[in-house]
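Q: Have a look at this one.
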Amino acid sequence: MFDPKYTISNRLLANIKRITSIIADLNNQVFSGVVFVELEKRAREISVFSSTSIEGNPLPLTDVKRILKTAPEHIRDSEKEVLNYNKVLIELNNLIKNEKQIFDLTLILKIQETITTGLIEDYCCGKLRQEPVFVNNPKTRQTIYLPPEQSEVLLLLNELFKYIKNNKNIIDPLILAGIFHKQFVIIHPFIDGNGRTARAATKVLLAEMGLNTFNLFSFENYYNQNVTKYFEEVGVIGNYYDLKDSIDFTSWLEYFTDGIIDELLRVGKELNLKSVIPDDELKDYHQKIINYIEKKGYISDRDYAKLTVRAKPTRNLDFRKLIKLDIIEKLGKGKATYYKLKK
C-alpha cells in the first residue's frame, strides 16, 4: 500500500499559507474577460515551451508561439511535440471548464496518447509500458535510475490513485498534487512522455480539488528555469526496489510549492498591469456576444440586434473590438457574415 513519507516543515507550511493568501487576493479582484483570455493564451504558450524544453526540445519560445499560431502541416518531431502538448492543454482546459474531467487512469492514458502520437510507435501511445525502462542523466547520458518492473506498474498506479481519492478531504490539495507528481515520475509508467504527462495531469488534479487559478499560469516555467534542480527534486537515483521504502517527499513538496508561489506572483503582477489598460476592458454588451457564441456556436449581427438596443454602426464597433482583441473571428461575407470564438 502506498504510504508516502513527508514532513510538514515550517517552509512547506509557510508556502501553503502564502499560496492560499495570494489566490484569495487574486479571486477578490475584478478583471475584464479579455485579460483572462490573454493570460490563458500566454500561460499555455509558456507551458508548452517549458514542458517540452525540459525534455530537451530545442525550439525557443518565439518559434513555439509561431508554430502554435500557424499550425504547419509538414513538421519535424520537435514541432510535433509542441503541437501535441498544446492540444492536450486545450482539451484538459475544456474538460475542467465544463466540469467533465474525472481524474483516473483513463484520463492519464489519454493525456500520454495525445502527447506522444506521431512521435513513438502506435502500440506505445496510450498504453502502459510492457517492457523495462531506465532513466539517464540528461547531461552525461549515464543511467541513474531503474524504475519498477513493468508487471507492477498498474498495481502501483492504482495504489497512487486510491491514495489521492482517500485523502482528498484530509490532506491539503497542494501536498496531494505534489505527491502525485513525484510518485508518478518514480513509477515511470510509460515508454515515453512520463514527465509531460505528469505535469499536465498535475494541473488537472489541482483544478479538480478547487485550485483552478492554475489555467492562468505555468508552473512548468519555474522548473524550466533550472532543469537540473527540477530533475534532482522530482526524481530519485538508484534502483526503485532499494529506494521505495526510504523516499522522503518533503524536499520536493517544498520545491513544488516554491514554484507555485513564484508563478502566482508573476501572474499577479501581470494582472495588475493589465487592469489599468482601458482598451482591454470588456463591457456588458461585449460579454453578451461572447456568451451567445459560447451557447450557440456563432453569432450574426441580426442575432446581436435582438440582444441589445445599440445601433448598427455601434454593433459593428463592438464586433471589431472583439476581433482586435483576438477573441472572435469574422467569417462569411455580406448578409451571410457571422462571428465565432477564435481558437
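Q: If you scan region 1-40, which residues turn out to be among the small types (Gly, Ala, Ser), touching a Leu at 6+ places or on another chain (Cβ under 9 Å) and modelled with pLDDT of 95 or more?
A: Matches in region 1-40: Ser9 only.
Q: Scan region 280-288 and tell me whether some residue there is part of a helix (DSSP H, G or I), at pLDDT below 90 and exposed (fewer than 12 other Cβ atoms within 10 Å of the Cβ).
A: Among the residues of region 280-288, at least one is part of a helix (DSSP H, G or I), at pLDDT below 90 and exposed (fewer than 12 other Cβ atoms within 10 Å of the Cβ), which makes the answer yes.
Q: Moving on. Quick test of your reading of the structure: Thr250 fulfils all but one of (1) at pLDDT 95 or above; (2) out of contact with any Lys or Arg (no Cβ under 9 Å at 6 or more places or on another chain); (3) among the polar types (S, T, N, Q). Name the failing condition by number.
A: The one condition Thr250 does not meet is (2).
Q: Taking the condition of being assigned to a helix (DSSP H, G or I) and either of a type in the set (A, V, I, L, M) or surrounded by 20 or more Cβ atoms within 10 Å (Cβ to Cβ) (or both), how many residues in region 234-253 meet it?
A: 4
Q: For region 80-127, which positions are closer than 20 Å to Ser53 by Cα, surrounded by fewer than 18 Cβ atoms within 10 Å (Cβ to Cβ) and charged (D, E, K, R)?
A: Lys80, Lys87
Q: Please work out if Phe256 is part of a helix (DSSP H, G or I), over 16 Å from Phe180 (Cβ atoms) and of a type in the set (A, V, I, L, M, F, W, C).
A: It is false that Phe256 is part of a helix (DSSP H, G or I), over 16 Å from Phe180 (Cβ atoms) and of a type in the set (A, V, I, L, M, F, W, C).
So that you can scan it fast, the table gives a plain yes or no per residue for (1) surrounded by fewer than 18 Cβ atoms within 10 Å (Cβ to Cβ); (2) in contact with a helix residue (DSSP H, G or I) (Cβ under 9 Å, 6 or more places away or on another chain):
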residue: Ile293; (1), (2): no, no
residue: Asp301; (1), (2): yes, yes
residue: Leu307; (1), (2): yes, yes
residue: Arg310; (1), (2): yes, yes
residue: Asn316; (1), (2): yes, yes
residue: Phe319; (1), (2): no, yes
residue: Leu322; (1), (2): no, yes
residue: Asp326; (1), (2): yes, yes
residue: Glu329; (1), (2): yes, yes
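Q: Same structure, new question: How about region 1-93: which helices (runs of 4 or more DSSP H) wholly inside it have at least 3 residues that are without any contact (Cβ under 8 Å) to a residue 40 or more places away in the chain and of a type in the set (Val, Ile, Thr)?
A: Per the criteria, 61-70.
Q: Only one residue in Ile175, Ile191 is of a type in the set (A, V, I, L, M), assigned to a loop (DSSP other than H, G, I, E, B), touching a Ser or Thr at 6+ places or on another chain (Cβ under 9 Å) and touching a residue at least 40 places away in the same chain (Cβ under 8 Å), so which one is that?
A: Ile191 is the lone residue from the list that is of a type in the set (A, V, I, L, M), assigned to a loop (DSSP other than H, G, I, E, B), touching a Ser or Thr at 6+ places or on another chain (Cβ under 9 Å) and touching a residue at least 40 places away in the same chain (Cβ under 8 Å).
Q: Taking the conditions exactly as written (modelled with pLDDT under 95 and assigned by TED's automatic domain parsing to the domain that holds Asn221), does Glu81 satisfy them or not?
A: Spelling it out, it is not the case that Glu81 is modelled with pLDDT under 95 and assigned by TED's automatic domain parsing to the domain that holds Asn221.
Q: Out of the residues in region 331-340 that are in a loop (DSSP other than H, G, I, E, B) and free of Cβ contacts under 8 Å to residues at least 12 places away in the same chain, which is surrounded by the most Cβ atoms within 10 Å (Cβ to Cβ)?
A: Filtering first and then ranking leaves Gly332.
Q: Does region 155-169 hold any residues that are in contact with a helix residue (DSSP H, G or I) (Cβ under 8 Å, 6 or more places away or on another chain) and either outside the structural domain of Ala198 (by TED's automatic domain parsing) or in contact (Cβ under 8 Å) with a residue 40 or more places away in the chain (or both), and which are they?
A: Once the filter is applied, which keeps residues that are in contact with a helix residue (DSSP H, G or I) (Cβ under 8 Å, 6 or more places away or on another chain) and either outside the structural domain of Ala198 (by TED's automatic domain parsing) or in contact (Cβ under 8 Å) with a residue 40 or more places away in the chain (or both), region 155-169 yields Leu156, Leu157, Asn158, Leu160, Phe161, Tyr163, Ile164, Lys168.
The values are calculated or read from the model by the stated rules, or taken from the named source; none is laboratory data. Predicted model only: the values in this text are computed from it and were never measured. For neighbour counting, all protein chains shown are included, and Cβ atoms are generated from backbone atoms with ideal geometry for every residue, glycine included.
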